[in-house]
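Just below is one structure, and these are the notes that go with it.
The values are calculated or read from the model by the stated rules, or taken from the named source; none is laboratory data. This is a predicted model, so every value here is computed, not measured. Every residue, glycine among them, receives a Cβ derived from its backbone with ideal geometry; neighbour counts consider all protein chains shown.
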Amino acid sequence: MRASGVEPMGPPLLTHFVGGMRGPWVVDRIVAVTGPSIPGVAKVAVIEGIDVRLPPNPVWVLRGVVNPEQYTTPEEHEALAQRQQPLGLPTATRAALIPITKSQAWWRLPQGERRAIFEETSRHIATGIEYLPAIARRLHHGRDLGEPFDFLTWFEFATEHVAAFEELVRRLRSTEEWSYVVREVDVRLTREM
C-alpha cells in the first residue's frame, strides 16, 4: 500500500482489512476500548480494490471506502497534504487499525455542528497535524457500506514513534468528539519482515 493519507480525487478506494492467518501484519494485540471487541486473529492483510481476491478463511473482513474529506477546510487539506507521508514506507514497521462507530446522537447533528465538535472544540485535525510526518494515516468510511464500523483509521509509523502514537490517541480520546464514540477497537500490528 503506497497511498498518501490525504483522500484521493477520483473514484472512492475500497479497502478490505482481512483478519485471519495470512497477511504481512502480525497482530500484537486487539483491545476493546469502548463496546464489544472483534475476534482475535494472528495476522491482518490490507487489500485495496473492488474485484480482489481475499485470503482464504478469514475470521473477519472490515471494509471501508476512502472518500473525499467531509470536515476539512481547503486550508486544512493543504496542510495535511504538505506534511503527510505516504503509507507503505519501509521504515513504517508498526501499524494500528482503529475501527470506531459513533452514536446516533452524532449522526442526528447537522454537519456544521459535527464539524464544530470535530475541529473547533476537539481540534481533531490540528492535533493530528502535530504528529505528521512521523505518523501516516488514512481514513476509511464504512457506514454507507452497511459495515459494523462507521470509520476505520489505518496508521503506519516507525518503531521510534510508538510513544508519539500513544500520545496522539490518548489526546484524541479525551476530546468531546470521543464522547460520541459507542464502539472502538484498537488493533496494534507489526509488519512481518
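The table below gives the values:
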quantity	calculated
Condition broken by Val181, with the remaining ones in (1) closer than 19 Å to Lys102 by Cα; (2) buried (at least 16 other Cβ atoms within 10 Å of the Cβ); (3) in contact with a helix residue (DSSP H, G or I) (Cβ under 6 Å, 6 or more places away or on another chain) satisfied	(3)
Pairs where the first residue, in region 141-167, is of a type in the set (Phe, Trp, Tyr) and the second is modelled with pLDDT of 95 or more and in a helix (DSSP H, G or I), C-beta under 7 Å, 6+ apart	Phe155/Phe165; Phe157/Phe165
Among the residues listed as Ala126, Ala163, the single one being in a helix (DSSP H, G or I), over 21 Å from Gly35 (Cβ atoms), of a type in the set (A, V, I, L, M) and at pLDDT 95 or above	Ala163
The lone exception for Leu132 - which of (1) within 29 Å of Gly23 (Cα to Cα); (2) surrounded by 18 or more Cβ atoms within 10 Å (Cβ to Cβ); (3) not polar (S, T, N, Q) it fails	(2)
Subset tally (residues that are within 22 Å of Asp150 (Cβ to Cβ) and either of a type outside the set (A, V, I, L, M, F, W, C) or in contact (Cβ under 8 Å) with a residue 24 or more places away in the chain (or both)) for region 29-44	11
Candidates Arg170, Arg183 - the one that is without any contact (Cβ under 8 Å) to a residue 12 or more places away in the chain and either closer than 18 Å to Thr34 by Cα or in a strand (DSSP E or B) (or both)	Arg170
In region 43-63, the residues that are surrounded by 13 or more Cβ atoms within 10 Å (Cβ to Cβ) and over 15 Å from the mean Cα position of the chain (by Cα)	Lys43, Leu54, Pro55, Pro58, Val59, Trp60
